[in-house]
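The values are calculated or read from the model by the stated rules, or taken from the named source; none is laboratory data. Please read these numbers as outputs of a predicted model, since none were measured by experiment. Cβ coordinates were reconstructed from backbone atoms using ideal geometry, including for glycine residues, and neighbour counts include every protein chain displayed.
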Amino acid sequence: MRVLVVEDDAMLGDGVRRGLRQLGHAVDWVRDGAEADLALAGEPYDVVLLDLGLPGKGGLDVLRDLRRRGRGVPVVIITAQDAVSQRVAGLDAGADDYLVKPFDLDELAARVRAVQRRSSGRAEPLVEHGPLTLNPASHEVFLAGAPVALSAREFALLQALLEHPGRPISRARLEERLYGWEEQVASNAVEVHVHALRRKLGAEWIKTLRGVGYMVPRRM
Ligand code: CA
């Protein structure tokens, strides 16, 4: 999924970005509130990790403005150990969860998955569609009970398409989901991943709608 990290601490921001990228997420990292506003206005993020103590415009104001604009993107706030009142203010301003520094990358990854799951209306951790089962926590995919080995990007693409079976997603939108700003994207990157998924799952799993995009059929 596409994650925005808003954190002015260079070591923490870099560590979080690396950790989430290793798990196959597309991560953008900004270091102050004004940059966060710009990023949020321009990109469709699945989850935002938001430090509250930022230079200039604070994280709490970024969050309040985001919710005022009616944006429901899940937000996990990152706060210092002793900042109980900040955590309360953050949750009251519309945050979905919080993490206390210093935190473990595994816990961060689990919370990102949990808030994304809730925001997509799913309570159960597995994504199931016909004979296909996808486990976002372990990155495992099973087709009729048999494991299917996917790359991190193939997995992310399949997960995006499975969020709304029967509804096409444009290539541009899929590129945004799969790649962060600093990553070089070959013009045919999405097609290459779609081709690989069809080879591994069967061509019927991903339909091309000319000029519109790709979709997984509603019934499989
Ligand atoms: Ca900070």
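Please tell me if residue 32 is away from the ligand (no atom under 16 Å from the Cβ) and either farther than 23 Å from residue 113 by Cα or among the aromatic types (Phe, Trp, Tyr) (or both). Judged against the criteria, residue 32 is not a match.
Within region 20-38, the residues that satisfy the criterion of being more than 16 Å from residue 183 (Cα to Cα) and either assigned to a helix (DSSP H, G or I) or at pLDDT below 95 (or both) are 33, 34, 35, 36, 37, 38.
Can you tell me which residues in region 163-213 are in a strand (DSSP E or B) and within 20 Å of residue 43 (Cβ to Cβ)? Steps first, answer last, please.
Applying the first criterion (in a strand (DSSP E or B)) to region 163-213 yields 169, 207-209, 213.
Scanning region 163-213 gives 169, 213.
Taking the condition free of Cβ contacts under 8 Å to residues at least 24 places away in the same chain and closer than 18 Å to residue 26 by Cβ, does residue 185 pass? Answer is yes for this residue. Counting residues in region 1-19 that are aliphatic (A, V, I, L, M), more than 12 Å from the ligand (Cβ to nearest atom), in a helix (DSSP H, G or I) and touching a Leu at 6+ places or on another chain (Cβ under 6 Å) gives zero. Quick check, is residue 101 touching a Ser or Thr at 6+ places or on another chain (Cβ under 8 Å) and surrounded by fewer than 18 Cβ atoms within 10 Å (Cβ to Cβ)? When the stated conditions are applied, residue 101 passes them.
Residue pairs whose Cβ atoms lie under 8 Å apart, separated by 6 or more positions or on different chains, with the first residue in region 50-62 and more than 18 Å from residue 101 (Cα to Cα) and modelled with pLDDT of 95 or more and the second more than 8 Å from the ligand (Cβ to nearest atom) and assigned to a strand (DSSP E or B), are 62/6; 62/50.
Test of understanding: among 177, 218, which residue is at negative phi and exposed (fewer than 12 other Cβ atoms within 10 Å of the Cβ)? So the residue among 177, 218 that is at negative phi and exposed (fewer than 12 other Cβ atoms within 10 Å of the Cβ) is 218.
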